[in-house]
Each structure stands twice: as structure tokens, then as C-alpha cells.
């Protein structure tokens with residue numbers, strides 16, 4: 001997979017993940033624990049053609065408190081823009097993000113992507129992919145378990161399905177195909193949030209990156225349905241429908 005080819009622009013600034021944890025005990029941060037098995041991709045828009053003019057990161061931080069005041073358990077672990085990453089809920093705590101009883105609520109980490117008229121969407125999608133790659137390494141989550149809001153509702157046999165992230169699902173800015181390809185590039189070329197990993201995880205990851213034989217890279221991250229023994233990471237491709245192929 002080419003390092004140069006991408007539909008997204010990568011910010012040059014060194015972006016750090018900022019801790020903005022909401023207080024434990026709020027209805028959307030109950031402290032109920034989880035072992036994350038899924039990463040859920042969201043966007044803050046209410047749908048196609050509904051781009052807010054100026055709603056920024058502060059707005060979506062305050063929205064969590066407004067949900068709590070209205071006794072609504074809705075939450076999300078992270079929100080990313082084109083220049084910031086804010087974490088509101090620890091990875092290993094549950095929050096309601098995809099519907100009661102769904103896999104996203106029970107064992108998912110939710111990443112919202114900021115949508116407004118001033119945010120550079122290409123950069124923000126790259127940052128969302130970079131964070132997804134980092135969390136995959138941190139929690140040993142396979143790429144096939146990085147799902148959109150709608151996809152995880154489908155996987156959970158949830159009756160109501162939300163078209164989220166609506167622009168990605170509609171194929172805008174490369175759609176899901178290019179998003180997954182960007183996640184793979186982030187892992188392949190070391191575009192991750194290193195400070196978000198333990199020393200052991202980071203060292204193991206870098207050892208794999210430096211393996212001159214490129215042997216079975218990230219068998220800790222990919223299931224056999226994606227990467228089988230003997231195959232190289234560089235051989236992984238994604239077809240037009242967003243499914244993996246060899």
C-alpha cells in the first residue's frame with residue numbers, strides 16, 4: 001500500500017490526545033467497565049446536507065453535560081477535529097452510543113468526527129483513522145472490528161439503524177474504502193499517537209515495523225479472515241465495496 005497515495009491531507013503539527021474526562025457518576029459516564037473489542041466510527045453531523053456553521057469541539061463537550069442534565073445516557077469516548085483530539089470517557093468504560101444492547105454499547109470505543117463549515121474534513125478523517133489505528137494496537141482490535149455506527153447496529157441485529165457517519169457512508173471524501181485504507185497506512189507507516197500506548201505495546205509495535213522480513217505483521221491485530229499466516233501486510237487490499245481481499 002503506497003505511502004504517498006491518499007485522498008486525505010495529514011496535519012503537519014504534532015497533535016496530542018487531550019484528557020477532557022467528564023465526571024464519573026454522570027448518567028453517560030457510569031463507570032461500568034468493558035474490555036473494548038470494537039471501534040465505532042461516528043460523525044457529529046445530523047445527516048447529509050446538514051452541516052453546522054460553527055459548532056466546534058467545545059459544543060460537543062458541552063453536549064455531553066446537556067445529555068446528562070436531561071438524564072440521557074448518550075456519550076462518546078473521543079471527538080476529533082482537523083487539529084485536536086479530545087477524550088471524554090476512558091476506553092475501558094461503557095457509554096451509550098449505538099443503542100441498547102448493541103455491541104457498541106457493550107464493548108465499543110466511540111470516535112466522533114467534527115463536521116462543520118470550517119473544519120478541514122480531509123485532515124479530520126486522517127486523524128480519525130490515526131486514532132483508530134492507535135486504539136487497534138492498544139487493545140488488540142482487528143480491522144474488521146472497526147465499524148461505522150450503522151454497521152455495528154447491523155452486526156447487533158438492532159432494529160433501528162442510523163446513517164452515521166452519513167458522509168462516509170454516502171461515499172464522500174473517499175467513503176469507507178479510503179478510510180479503511182488510511183487506517184492501514186497509519187499502522188504500516190507509524191502514524192499513530194505514541195503517547196497513548198504503554199511502553200511495552202509501543203516497543204512491540206516498533207519491532208514489528210522494523211522487521212525487515214515484514215513477516216505476518218500485526219497478527220495480534222488481524223484475524224485470520226483478513227491476514228493469514230505467511231502473508232505480508234503490504235498484500236492487503238480493499239475492494240470497492242469496502243471488503244477485504246487478497
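The values are calculated or read from the model by the stated rules, or taken from the named source; none is laboratory data. Bear in mind that the values here come from a model prediction, so they are computed numbers and not experimental data. So basically every Cβ, Gly included, is an ideal-geometry build from the backbone, and we count neighbours across all protein chains shown.
Values as computed for the structure displayed
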item: Flag for residue 201 being surrounded by 15 or more Cβ atoms within 10 Å (Cβ to Cβ), part of a loop (DSSP other than H, G, I, E, B) and either in contact with a helix residue (DSSP H, G or I) (Cβ under 9 Å, 6 or more places away or on another chain) or without any contact (Cβ under 8 Å) to a residue 24 or more places away in the chain (or both); result: no
item: Extreme residue, surrounded by the fewest Cβ atoms within 10 Å (Cβ to Cβ), among residues of segment 44-72 that are at pLDDT 95 or above and closer than 29 Å to residue 142 by Cα; result: 61
item: Test result for residue 67, in contact with a strand residue (DSSP E or B) (Cβ under 6 Å, 6 or more places away or on another chain) and part of a loop (DSSP other than H, G, I, E, B); result: no
item: Matching residues, segment 166-189, being crowded, with 20+ Cβ neighbours inside 10 Å and in contact with a strand residue (DSSP E or B) (Cβ under 6 Å, 6 or more places away or on another chain); result: 180, 181
item: Residues satisfying the stated conditions in segment 149-163, i.e. surrounded by fewer than 24 Cβ atoms within 10 Å (Cβ to Cβ) and under 26 Å from residue 11 (Cβ atoms); result: none
item: Single match in 7, 40, 27 (criterion: modelled with pLDDT under 95 and either closer than 24 Å to residue 174 by Cβ or surrounded by 16 or more Cβ atoms within 10 Å (Cβ to Cβ) (or both)); result: 7
item: Subset tally (residues that are in a loop (DSSP other than H, G, I, E, B), in contact (Cβ under 8 Å) with a residue 60 or more places away in the chain, touching a helix residue (DSSP H, G or I) at 6+ places or on another chain (Cβ under 7 Å) and buried (at least 24 other Cβ atoms within 10 Å of the Cβ)) for segment 95-132; result: 2
